[in-house]
Amino acid sequence: MAPSYSYQIRFEVDGEDYSRTVPISHVLRRGEADRLLFHIAAEKSSIHEFDLTLRYNETEKVRSGPVRLELFLSRLDAYYVEQEARFNIQGSRPSRGLASLVKPLLEFVL
């Protein structure tokens, strides 16, 4: 099954005790399944330890156990992440998007 949508998330390199929320408006009928992709990036190579929470039906939650992500960015990848950040601030389009840099890793709301 191919993913129906993908999302981009940027992690802080040195942050602690922060969260990232990805708003998703998705409706599935009973018995249906879908895949969503989450592309994760940071400004430079870094290690992230976190938990995931999937919220659904407005009040229901499913929590993961601890997740450890060792994120590696080459210098070229770091350059394009920086360009993407500039685009978000200034509105000038970089030559590659953030989604082309990082492989999809998660299928939960972060």
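So here's what we get for this one:
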read-out	value
F38 vs. criteria without any contact (Cβ under 8 Å) to a residue 40 or more places away in the chain and farther than 20 Å from E16 by Cβ	no
Counted residues, segment 1-56 - those being surrounded by fewer than 13 Cβ atoms within 10 Å (Cβ to Cβ), of a type in the set (F, W, Y) and part of a loop (DSSP other than H, G, I, E, B)	1
Residue, surrounded by the fewest Cβ atoms within 10 Å (Cβ to Cβ), within segment 57-71, restricted to residues that are aliphatic (A, V, I, L, M) and farther than 15 Å from D14 by Cα	V62
Every residue from segment 56-110 that is closer than 16 Å to S45 by Cα, modelled with pLDDT of 85 or more and among the hydrophobic types (A, V, I, L, M, F, W, C)	L69, L71, F72
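The values are calculated or read from the model by the stated rules, or taken from the named source; none is laboratory data. Model, not experiment: these values are computed from the prediction. For neighbour counting, all protein chains shown are included, and Cβ atoms are generated from backbone atoms with ideal geometry for every residue, glycine included.
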